[in-house]
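The values are calculated or read from the model by the stated rules, or taken from the named source; none is laboratory data. In this text, all values refer to a predicted model and were calculated from it rather than measured experimentally. Note that we place each Cβ from the backbone using ideal geometry, even for glycine, and neighbour counts take in every protein chain shown.
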Amino acid sequence: MILDRIETQKDVKNLTVDEMNTLAEEMRELIINKVNTISGHMGPNLGFVEPTIALHYVFNSPIDKFVFDVSHQCYAHKILTGRKDGYTNSENYLKYTGYTAPEESEHDLFKVGHTSTSVSLACGVAKARDLKNETGNVVAIIGDGSLSGGEALEGLNNAAVLNSNIVVVVNDNEMSIAENHGGLYDNLRVLRDSDGKAECNFFKALGFDYYYLEDGNNIEKLIEMFKKVKDTKHPTVVHLHTLKGKGLKVAEENKERFHYMMPDTLDENKNIKVQNAGTSESYDSVTLEFLKNKVKEDKRTMVVNAATPGVFGFDKNYRTELGSNYTDVGIAEEHAVAYSSALAKCGAKPVFCVMSSFVQRTYDQLSQDLCLNNSPLTILVYWGGISGADATHLCTFDIPLISNIPNMVYLAPTNKEEYLAMLEYAYNQNEHPVALRVPTCKFVSTGVEDKTDYSVLNKYKVVESGSEIAIIGLGNFYWLGKEVKNYLKSELNIDATLINPRYITGVDEELLNSLKENHKLIITLEDGEIDGGFGEKISRYYGNSDVKVLNYGSKKEFTDRVSPAELYDRYHLTKEHIKSDIEKYI
């Protein structure tokens with residue numbers, strides 16, 4: 001195997017083109033086997049194998065700097081830069097993260113997992129090089145729909161006038177996670193159709209030197225192209241037309257589905273395994289049905305997402321069914337919030353669906369475009385909570401981020417009936433922006449309609465009355481609160497009060513005051529970061545009283561692929577830990 005001769009990126013320079021083509025196929029096999037075993041980004045990585053080999057053949061990393069956008073196309077780069085064992089040995093599959101990571105290798109400059117960042121970062125790298133009178137190429141790699149992100153456009157705008165070496169490799173595989181959306185991608189299509197010769201050229205209009213390669217998976221042509229632009233003194237764009245999922249037929253034919261792949265998706269023949277279709281209800285299925293019905297009932301309804309339809313279960317058939325009442329704005333969460341705010345302000349009924357980790361890009365728009373204008377937008381926040389995700393995709397920060405903006409109402413349902421009632425309230429009201437933290441816990445249906453008037457804000461629900469200790473379990477962790485209550489009863493004979501707060505953004509002063517009469521200790525549980533979170537509101541309220549408060553949630557830290565069980569133990573989020581902590585106070 002050619003791969004046996006590759007220990008570092010320098011070894012690529014000793015290969016012939018034929019050997020590099022063989023190497024590409026060997027690397028693809030490694031990627032397919034690993035991703036099918038532990039999950040990961042399949043399509044983006046398979047489509048960028050040949051460009052990665054050619055980049056390392058022509059350039060001299062780490063003297064020449066590679067800055068990956070999102071970095072979910074960096075698997076081949078990792079294999080070539082001393083981390084091959086993470087792909088050849090199944091025991092090491094979890095040794096390296098799925099994104100670039102400077103702690104792993106000097107060939108990774110940044111820890112990156114959110115999109116549209118590479119050109120801005122590369123701009124800073126290039127400027128720092130120039131300030132220090134150093135040499136070397138700076139190569140920004142961007143693709144998979146990332147060009148539509150605001151930061152990408154800001155970066156391109158500034159890179160174009162850098163007046164020194166910066167090479168932007170545009171990996172154009174005609175896709176985002178799903179299909180691309182927006183006028184910029186129309187121009188990419190025009191450029192592809194004209195072999196890069198169209199007079200209408202976005203990159204040239206900005207001031208870049210521009211090169212196009214139709215066969216972006218041809219190693220010989222890639223080498224020739226990269227040699228042309230190496231050591232250039234001008235900002236340069238190399239536009240590559242690549243094939244997402246290359247080398248895996250089902251990924252080439254099902255590009256959206258194979259952007260990211262769960263374990264054990266492929267059989268021994270690399271076909272999709274026949275899976276038993278799940279028919280049980282879930283919070284996703286309830287949401288899909290709710291939105292579909294609203295579109296049928298009221299043509300003012302607009303479902304909005306930013307290039308991650310799979311997170312919400314919006315498959316192609318569902319998107320087609322919604323028709324003009326569905327908008328995918330591309331990778332542009334900032335635009336999605338402002339666009340949705342304006343829709344709501346002007347009488348439409350928008351529902352913006354977003355993954356918790358990606359809310360982080362929208363803070364200014366949430367504050368200024370939405371909440372300052374008090375537009376009645378409904379936001380559904382998915383996947384919020386403590387998880388074993390990579391450091392780049394943690395979903396523990398949405399509560400502090402969203403819940404402290406004036407005018408925002410942030411709700412945390414605990415079961416199907418609450419969720420549907422909150423959805424109806426959010427959709428029909430015209431007073432505030434309302435966000436719902438879609439539950440990630442086990443699906444629960446009480447079978448009893450929730451008739452709560454959620455327009456009466458910040459009224460908590462006492463589910464079970466007790467004394468001495470009150471447990472306030474928010475959203476996903478209401479069920480942990482119930483477990484703790486039962487455990488305290490069996491172990492310490494304490495009959496605690498159990499409260500479902502429902503509202504993340506405010507405190508129920510009347511209820512909290514009443515607890516002072518016969519409660520000495522308040523426990524708050526939230527599935528997210530404590531600092532700036534829900535529990536701190538309760539602690540602050542009781543700060544000048546004799547009531548003690550213990551806040552439970554995640555610490556302010558970036559965890560990286562740490563199992564939830566380990567994190568729950570670290571944060572004392574178990575009934576045993578909480579009982580032990582309580583014993584110190586009673």
Test for G113: is it in contact with a helix residue (DSSP H, G or I) (Cβ under 9 Å, 6 or more places away or on another chain), under 19 Å from D560 (Cα atoms), buried (at least 18 other Cβ atoms within 10 Å of the Cβ) and modelled with pLDDT of 95 or more: no
Some residue of segment 352-373 being touching a Lys or Arg at 6+ places or on another chain (Cβ under 9 Å), modelled with pLDDT under 95 and in a helix (DSSP H, G or I): no
Members of segment 309-326 found to be touching a strand residue (DSSP E or B) at 6+ places or on another chain (Cβ under 6 Å) and either among the β-branched types (V, I, T) or assigned by TED's automatic domain parsing to the domain that holds M175 (or both), listed by number: V311
Residues located in segment 135-191, provided they are under 19 Å from L213 (Cβ atoms), at pLDDT below 95 and touching a strand residue (DSSP E or B) at 6+ places or on another chain (Cβ under 6 Å): G143
Count of residues meeting criterion [of a type outside the set (V, I, T), in contact (Cβ under 8 Å) with a residue 60 or more places away in the chain and in a helix (DSSP H, G or I)] in segment 33-86: 10
Residue check, L521 surrounded by 22 or more Cβ atoms within 10 Å (Cβ to Cβ), touching a Lys or Arg at 6+ places or on another chain (Cβ under 7 Å) and modelled with pLDDT of 95 or more: no
Qualifying residue in segment 125-132 (condition: in a loop (DSSP other than H, G, I, E, B), in contact (Cβ under 8 Å) with a residue 12 or more places away in the chain and surrounded by fewer than 20 Cβ atoms within 10 Å (Cβ to Cβ)): no
Test: residue in segment 249-256 that is crowded, with 21+ Cβ neighbours inside 10 Å and in a helix (DSSP H, G or I): yes
Positions within segment 319-356 being surrounded by 24 or more Cβ atoms within 10 Å (Cβ to Cβ) and among the polar types (S, T, N, Q), in sequence order: S340, S341, S356
Residue among G528, G506, G553 that is assigned to a loop (DSSP other than H, G, I, E, B) and surrounded by 14 or more Cβ atoms within 10 Å (Cβ to Cβ): G506
Total residues in segment 160-217, condition among the small types (G, A, S), without any contact (Cβ under 8 Å) to a residue 24 or more places away in the chain and either buried (at least 17 other Cβ atoms within 10 Å of the Cβ) or farther than 29 Å from R257 by Cβ (or both): 3
